[in-house]
Amino acid sequence: MHSTLQALTDAPAQLLPARSLMAFTLASHIVLVPLGVALPLITLVLHGYGLRRGDRTALLLARRWSAVMAVQFAIGVVTGTVLSFEFGLLWPGLMGRWGDVFGIGFGVEAWAFFLEAVLIAIYLYGWRRLPARTHFLLALPLPAAALLGAFGILAANSWMNTPRGFRLDSAGNPVDVKIWKAVFTPMFGPQYWHFVVAMLVTAGYVVAGVYAAGWLRGRRDRYHRLGFAVPFTVAAALTPVQFVLGDSIARKVFHEQPVKFAAMEIVWKTGAHTPEYLFGRLHPDGSISGGIRIPQLDSVLAGFSTDTRVTGLTSVPANARPTATQATIAHWAFDIMVGIGSLLVVLALWYALVWLCRRRLPASAWFYRCAAVAGVASVVAVESGWITTEVGRQPWIVYENMRVAEAVRSTRSTSLWIMFALVVVVYVCVFASFLAVLLTMRTRWRLADEEDGRTGGACSPRQTPESGLPYGPRPAVPSGAPPRSDDAAAPPPEDQP
C-alpha cells in the first residue's frame, strides 16, 4: 500500500480535519504577521527621519502607516487568538502533557500582545495631541513589544522541534522542568533571528510594493518616492543577511533534526557524496522522479565537503519519519523559499548598484514591476518556510517524544469538519473586511491629497499635499469655505495632517 494511504488508514479519523483546520488558520494568520512584527519598526524609522529632517511628507506617511498598523493589529489579534484556542481544543494531548514545559512561550506572547495594544493606542492618540519629541519617544518601545510576541511564539515552536528542559518519569511524563533550557533550545536562536529578519524583509517589500505599483501608474511625486525608498531600503539591506541566516538554520537542522533535513532534501539513504535535487518527487520506494540533480552538492551544502555523510529517511523506521508525500511537500516548500530568497538577493543588488553608481532610485519600469511582485513573493516564501518547518517534523508534534496522532482530540471527525467550514466562512469575511477598510482608507487619503492640492492646504496656492503641518493645530478654513471632513477637534489618525 502507498505510504501516504497507509498513514491515513492508521491515523485517527479526526486527525485530518484537525490538521486541516490548524493549517488553514496558521496560513491565514501568518499573512498578517510581517506587518504586525515589522511595520512598527519601519514606521518609526520613517517617523524619526521626518522629525530629524523636518520632512512633512515622511511624517504624513508615518501617520498613515500607523493607521494601517492599528487595523492590521486588530485583525491579527483575532486570528492569533483563534490559534491559541485551537492548541487546547484540537491538541489536548499536547497541552495536557507538555503545557507546563513550553507553555511559558504563550504567556510571553499574551503579555506582548497586551503591551503592543497599549503602545499602538498611545501612538495613534499622540498625533496632533502630544509634542513631537514626546510622541516619538513614547512610540520607541513599540517595535520591542512586537519582537517580544515573536519571541514567545518562536520559543514554543523551537521547543517542539528540539525539546529540552525536562526529564521523563517512569510513566513517561515530564518532570523537573527547567524553564530556561525549555525556552532557549538549540533551535531557538536560529529560528528566532531567521524569523525576525524574514518579517522585516517581507514587510519592507510588501509596503514598498504598494508604492512601486503607484510608480508604474505614473505617481512619481516625492510622496510615492519616499514611501517606496524607506521600506525597500530596509528590506534590500536585510535580504543578503536573511540568505546567510537561512543557510545557517538549514545547517542547524542538519545537526539537530537529521531526519527532517533528509525530508527537506529528499535523501533516502544515508551516505556521503549526496546529490542535491532542485524540486523532484520522492516515491515510497526511494526513487526520485523529475527535478534537477546536482551531484554531491547536498553534502557540500551540509558540511562544506563532498565527504559529509547526510542522514537518509531510511535511518529510522517508517512510522518515525515523514511519508514520501510529506517529504516531497517539505522539499518543494524549502526549494520555493530558497528560490524566492535568491531572486530577492538579485533585486536587492540591482537596487544597491543603481544607488551606489547614480545616487538615485532606479528608473527602469522592469525594476518597479519586480519590486511590486516582491511583496507577494516574500509572503509566499514565509508560508513556504512554515510548511517546511511543520511538515518536515512529521509524524512528531514534539520531536521524537509525541506523535501528532497521540495529541489530537478524540471527537467525531464530522464535528471538526463543520468547525473547519465555519472558520473558513468567518475568515473570508474578516479578510474581506480588512481589505475593504484598507481600500476605503486609501480612497480617503487620495481625495484628501487632491483637495489639499487644489486649495494649497487652505493656506497658499503654492502648497502641495506634502505641505501640511505635521504637528500642532490644523490650517484655518477660509471664510465661506465648506467645513472639511477632518476639521474635528479629535480627527482620526489616518486623515491628512
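The values are calculated or read from the model by the stated rules, or taken from the named source; none is laboratory data. Quantities reported herein were computed from a predicted structural model and do not represent experimental measurements. A quick note on method: Cβ atoms are made from the backbone with ideal geometry, for glycine too, and the neighbour counts reach across all protein chains shown. Please note that ligands, DNA and RNA were not included when accessible areas were found on the heavy atoms of the full protein model with its side chains. Shrake-Rupley method; radii C 1.70, N 1.55, O 1.52, S 1.80 Å.
Tabulated data for the structure shown
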{"read-out": "Residues satisfying the stated conditions in region 417-442, i.e. touching a helix residue (DSSP H, G or I) at 6+ places or on another chain (Cβ under 6 Å) and under 18 Å from Leu83 (Cβ atoms)", "value": "Phe420, Tyr427, Phe434"}
{"read-out": "Check on Arg321, among the basic types (Lys, Arg), surrounded by fewer than 16 Cβ atoms within 10 Å (Cβ to Cβ) and out of contact with any Gly (no Cβ under 6 Å at 6 or more places or on another chain)", "value": "no"}
{"read-out": "Failed criterion for Gln394 (all others in (1) of a type outside the set (Val, Ile, Thr); (2) in a loop (DSSP other than H, G, I, E, B); (3) without any contact (Cβ under 8 Å) to a residue 12 or more places away in the chain hold)", "value": "(3)"}
{"read-out": "Residue within region 242-265 that is in a strand (DSSP E or B), of a type in the set (Asp, Glu) and either modelled with pLDDT of 90 or more or in contact with a strand residue (DSSP E or B) (Cβ under 6 Å, 6 or more places away or on another chain) (or both) present", "value": "no"}
{"read-out": "Yes/no for Ala363 being surrounded by 15 or more Cβ atoms within 10 Å (Cβ to Cβ) and at pLDDT below 95", "value": "no"}
{"read-out": "Total residues in region 273-313, condition surrounded by 15 or more Cβ atoms within 10 Å (Cβ to Cβ), out of contact with any strand residue (DSSP E or B) (no Cβ under 7 Å at 6 or more places or on another chain) and without any contact (Cβ under 8 Å) to a residue 40 or more places away in the chain", "value": "4"}
{"read-out": "First in region 204-227 and farther than 15 Å from Ala374 by Cα and at pLDDT 90 or above, second anywhere and crowded, with 18+ Cβ neighbours inside 10 Å and among the charged types (D, E, K, R), Cβ under 8 Å, 6 or more apart", "value": "Leu226/Asp55"}
{"read-out": "Residue among Phe188, Phe151, Phe195 that alone is open to solvent by 30 Å² or more (accessible area, probe 1.4 Å) and touching a residue at least 24 places away in the same chain (Cβ under 8 Å)", "value": "Phe151"}
{"read-out": "Filtered residue count, region 332-360, keeping only those that are out of contact with any helix residue (DSSP H, G or I) (no Cβ under 6 Å at 6 or more places or on another chain), in contact (Cβ under 8 Å) with a residue 40 or more places away in the chain and surrounded by 15 or more Cβ atoms within 10 Å (Cβ to Cβ)", "value": "4"}
{"read-out": "Hits in region 274-329 (condition: among the polar types (S, T, N, Q) and over 21 Å from Glu256 (Cα atoms))", "value": "Ser287, Ser289, Gln296, Thr325"}
{"read-out": "Selected residue (criterion: modelled with the lowest pLDDT) from residues of region 387-410 that are under 14 Å from Arg19 (Cα atoms), in contact with a Leu (Cβ under 9 Å, 6 or more places away or on another chain) and open to solvent by 30 Å² or more (accessible area, probe 1.4 Å)", "value": "Arg409"}
